[in-house]
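Notes for the one structure printed next.
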Amino acid sequence: MKAAGVKLLEVPYKGSPPAFTDLLAGRIDLFFDSIAAGLPYVQSGQAKGIAVLSSRRTPLAPDVPTTSEAGVPGLDVDSWLGIFAPVKTLPEVIARLRRDIRASLPDLKERFEKSGGEAWDLPDDKLEAFVASEHQSWTKLIQEAGIKLD
């Protein structure tokens, strides 16, 4: 809301289907959801994709601009998943996990791409730098928004 200079009322829903029902009925004006959930409504012409909250357009909906392209720069919210293990995990266990995960990357990559994602294979140092950067960005946003953490 701060980045776009707008005030929105959050309406909690128990999942995407009831939220899309209200969106299509005109009871709510907009809805944030994953590309995988929203794409069928956009493709059928029932909903309009306003923007993707990522730094790059998605190949699944190449005509939908990024938030920056839509006039809200700095609202890049690339979601990501990582695979982590406790610090004291034995090196041979880590090596086996890495080998097995890397062997499954072609299949994972295909599955992620079908839902609008992508699979990365980052070396430890790049993953640590990425996590540190994300932590710093989100910490700053939380502080600026005045969000109190319990």
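Kirkwood radius for segment 1-75, taken over all pairs of different Cα atoms as the inverse mean of 1/r, rounds to 13.2 Å.
How much net charge surrounds residue 141 when only the other residues with a Cβ under 11 Å from the Cβ of residue 141 are counted, with Lys and Arg +1 and Asp and Glu -1?
Working: positive: 2, 140; negative: 134, 144.
Its environment carries a net charge of 0.
Residue ranking by accessible heavy-atom surface, 1.4 Å probe, largest first, among 67, 89 comes out as 89, 67. Farthest towards the positive end of the charge dipole of segment 1-102, among the residues 42, 59, 85, is the Cα of 85, using unit charges on the Cβ of Lys, Arg, Asp and Glu.
Could you work out the mean projected area of the convex hull around the alpha carbons of the chain, in square nanometres to one decimal?
Working: hull surface 46.9 nm².
Result: 11.7 nm².
For the pair segment 119-147 and segment 71-101, the centres of their Cα atoms are 12 angstrom apart. Considering only Cα-Cα distances, which of the following residue pairs are longer than 25 Å: 88/148; 14/48; 2/48; 7/126; 48/140; 14/140? Those over the limit are 88/148; 7/126; 48/140; 14/140.
The values are calculated or read from the model by the stated rules, or taken from the named source; none is laboratory data. In this text, all values refer to a predicted model and were calculated from it rather than measured experimentally. FYI the Cβ positions are ideal-geometry reconstructions off the backbone, even for glycines, and counts take in every protein chain you see. Surface accessibility is based on the protein's heavy atoms, side chains included, excluding ligands, DNA and RNA. Shrake-Rupley method; radii C 1.70, N 1.55, O 1.52, S 1.80 Å.
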